[in-house]
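The values are calculated or read from the model by the stated rules, or taken from the named source; none is laboratory data. Values in this document were obtained by computation on a predicted structure and should not be read as measured data. All Cβ positions, glycine included, derive from the backbone under ideal geometry; neighbour counts span all protein chains shown. Accessible surface is based on the protein model in full, side chains and every heavy atom, while ligands, DNA and RNA are left aside. Shrake-Rupley method; radii C 1.70, N 1.55, O 1.52, S 1.80 Å.
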Amino acid sequence: MAVIDRTTPEGRKFYAELKKLAELESYAGFQGGVETAKKREGDQIVDTDVDLLDVAAFNELGTDTTPSRPFLRQSLDNHHPEIEAFLKDQIAQLTNGSTTADRIMQQTTVFLRGLIQDEIVEGDFTPNAPSTVKKKGSATPLVDTGHMRQSVITIVDKKGRK
């Protein structure tokens, strides 16, 4: 018995993009071994030997001497409606053929990077301790040199690729 394929070229393209989308994953955040933190020494900003991923983790989770300032978790938790609306819009664009799976993943990581960067600056966190305020001149946590905020990376790759 013959099979009749009634899928249009546009339909085939759409299904191919859905398949590709299912094969991709994306990240926004920090990666170990990529960059070191910076610190302020007087009027100078200098490199340190501390991995920036460690600094982000110390801030996100807290340490024995500093409170947790969960800027990564809050980037998602505080912006769920915006994320949902963004993703619905991306899928609508894919459905009408005006975007691709690769573009959706790139746009999504850029969107998430922006949320993380905004949360670093605008998040509601425990203020810096008086000793930290004296050292860096500000009660605002997570922002000193601006290096961590500027260093949020995005990655789009095939699933399972290590």
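Values as computed for the structure displayed
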{"quantity": "Amide N of the range 57-93 lying under 17 Å from the label point, which is placed 7 angstrom from the Cα of Glu10 along Cα→Cβ", "calculated": "91-93"}
{"quantity": "Percent accessible area from carbon and sulfur atoms, the chain, protein chains only, probe 1.4 Å", "calculated": "53"}
{"quantity": "Those lysines that a straight Cα-Cα span of less than 24 Å connects to Lys134, excepting residues fewer than 8 apart in one chain", "calculated": "Lys38, Lys39"}
{"quantity": "Cβ charges +1 (Lys, Arg) and -1 (Asp, Glu), total dipole of the chain, debye", "calculated": "420"}
{"quantity": "Loop-located GluC sites (Glu not before Pro) in the range 1-67 whose Cβ has at most 16 other Cβ within 10 Å (DSSP)", "calculated": "Glu23"}
{"quantity": "Whole-percent pair-distance distribution, where bins are 10 Å wide, for the alpha carbons of the chain", "calculated": "9, 30, 28, 16, 10, 4, 2, 1, 0"}
{"quantity": "Equivalent ellipsoid dimensions for the range 1-57 as semi-axes, Å, which come from the Cα gyration tensor, largest first", "calculated": "53, 11, 6"}
{"quantity": "Surface per residue (accessible, 1.4 Å probe) for the range 21-139, Å²", "calculated": "61"}
{"quantity": "All aspartates and glutamates inside 18 Å of Lys159 as judged from Cα atoms, apart from same-chain residues fewer than 8 positions distant", "calculated": "Glu17, Glu23, Glu25, Asp102"}
{"quantity": "Lysines whose Cα lies under 30 Å from that of Lys158, excluding same-chain neighbours fewer than 8 positions away", "calculated": "Lys13, Lys19, Lys20, Lys88"}
